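What follows is a single structure, written as structure tokens, with notes after it.
Bear in mind that the values in this text are calculations on the coordinates, not laboratory data. Model, not experiment: these values are computed from the prediction. Because the Cβ atoms are built from the backbone with ideal geometry, glycine has one as well, and the counts that use them run over all protein chains shown.
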Amino acid sequence: MTRRVFIGSAAATALAPVAMGQAGGAVFAYVGCFTEAQRKGRGDGIHVYRVEPRTGNWTQTQVLRGLVNPSFLVTSADSKTLYSSHGDEAYATAYAIDPASGEIRVLNQGATGGKNGAHLALSPNGKFLIVANYISGTVAVLPVKADGGLADFIQLVRLEGTPGPHRTEQPGPHPHQIVFAPGGKFVLIPDKGLDQVFVFRFEPATGQLTPAEPGSVQSRSAAGPRHLAFHPTLPVVWVLNEMGNTVTTYRWDATLGVLSPLRTIPTLPEDFNGNSTAAELAVGPGAKFLYTSNRGHDSIGTFAIDPKTGFLRSVRWTAAGGKVPRYISVDPSGRYLFSTNEQSDTITKFRIQGDNGMLHPEGAPIPNGSPVTIAFRA
């Protein structure tokens with residue numbers, strides 16, 4: 001594939017809800033998708049939506065076409081730049097965000113040294129972009145230029161370990177997410193292929209990653225750790241296990257960078273016997289509830305968070321409103337949760353009821369071809 005672009009016009013941590021648009025005007029949502037047949041893609045690029053502050057409703061303002069599988073998106077802390085990885089490709093793209101309209105234009109691309117960037121995250125100082133190369137089993141560090149553009153990778157780390165028992169899903173290392181721990185000293189990387197969660201020390205001046213000690217924690221066999229999230233105040237990390245359809249609560253030692261497993265619970269109802277895989281987790285406002293998406297069961301699970309221990313208790317499952325809810329995200333206001341339903345070509349909106357975490361579907365589904373990720377600019 002070429003890297004030619006035609007212009008058509010996360011850290012999974014819980015944040016306190018902010019007033020919509022308080023950081024410089026309107027709020028915008030950016031939706032990435034799969035575009036190619038090998039991914040069963042029906043998308044046509046990155047869609048930009050203006051978010052109505054009072055209702056949370058979206059109005060499309062731009063489609064940036066000609067992009068190959070812009071499958072994960074993240075915005076910079078200063079809201080000036082958007083970044084995307086590209087499923088099955090070996091580069092990431094930087095886009096300048098117009099401060100008034102929210103529309104994007106391509107700045108440049110940077111080589112990631114590996115294929116299928118499944119996830120990416122910006123360092124807290126905004127100077128480096130870290131990319132999880134899923135197919136290649138590597139993690140790349142790319143410098144961010146003064147204008148927000150990307151340089152090619154300066155470090156490429158291959159994750160080592162014994163593959164899990166699943167012959168097709170676990171042939172080798174498959175890093176699936178990059179998450180900076182609070183404070184920015186450590187980077188956590190769940191690896192679906194090796195059934196491990198890796199921990200690296202991060203040097204903010206140089207961007208270098210070095211393994212922490214012991215460097216990883218083993219998950220249950222064939223669990224397939226996919227994504228994780230930090231509790232905003234407790235020393236707790238939740239890890240969502242894709243193939244095991246479970247979520248594990250870990251104790252986090254912020255001084256040493258060590259994870260210790262505490263408790264694992266299923267993400268599916270006990271009476272469900274069909275095929276399903278866990279995809280995403282999102283922490284609700286005030287860290288009272290955790291939400292998970294289930295592809296196959298096509299639901300969003302709601303789990304109450306114990307305010308003292310961080311342990312989870314299943315509360316209910318809500319129909320996602322579409323097939324294969326790959327990604328879920330709470331908007332900047334903390335009032336709404338959105339689900340990208342990959343096989344239904346829709347995005348559904350839910351109002352979060354604050355006292356019990358219940359999800360109430362609102363409005364008609366938003367049409368969007370094979371949507372797989374959402375990033376907000378507030």
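Roughly what would the spin-label model give for THR59 and GLU213, points 7 Å off Cα along C-beta, in nm?
Label at THR59, label at GLU213, 5.8 nm between them.
Within the set of other residues whose C-beta is less than 12 Å from the C-beta of ALA140, count the net charge using Lys and Arg as +1 and Asp and Glu as -1.
Numbers: positive: LYS115, ARG158; negative: ASP152.
With Lys, Arg at +1 and Asp, Glu at -1, the neighbours total +1.
May I ask for the distance between the Cα centers of the range 228-260 and the range 312-370, given as a whole number of Å?
23
Given a Förster radius of 22 Å and the C-beta distance between ALA111 and GLU160 as r, what FRET efficiency does 1/(1 + (r/R0)^6) yield to the nearest 0.05?
On the way: r = 22 Å, r/R0 = 1.02.
With R0 = 22 Å, the Cβ-Cβ based efficiency is 0.45.
Cβ under 13 Å from GLN38's Cβ, GLN38 left aside: what net charge do those residues give with Lys, Arg +1 and Asp, Glu -1?
On the way: positive: ARG39, LYS40, ARG42, LYS115; negative: GLU36, ASP88, GLU89.
After counting each charged neighbour, the total is +1.
Rounded to the nearest 0.05, what FRET efficiency do ASN275 and ASP147 give with R0 = 51 Å and r taken as the Cβ-Cβ distance? Could you check?
Details: r = 46 Å, r/R0 = 0.90.
The formula returns an efficiency of 0.65 here.
For Rg/Rh (Cα atoms, Kirkwood Rh), one of [x] 1.07; [y] 0.93; [z] 0.99 was computed from the structure I shared and the rest are decoys. Which label?
This structure yields the entry labelled [y].
With a 10 Å Cβ neighbour count serving as the proxy for reagent exposure, in which order, fewest first, do ASP195, ASP152, ASP88 appear?
Values: ASP195 27, ASP152 14, ASP88 17.
By the 10 Å Cβ count, ascending: ASP152, ASP88, ASP195.
With r defined as the distance between the Cβ atoms of GLN353 and GLU203 and R0 fixed at 35 Å, what FRET efficiency is calculated, to the nearest 0.05?
Numbers: r = 43 Å, r/R0 = 1.23.
For R0 = 35 Å, the calculated efficiency reads 0.20.
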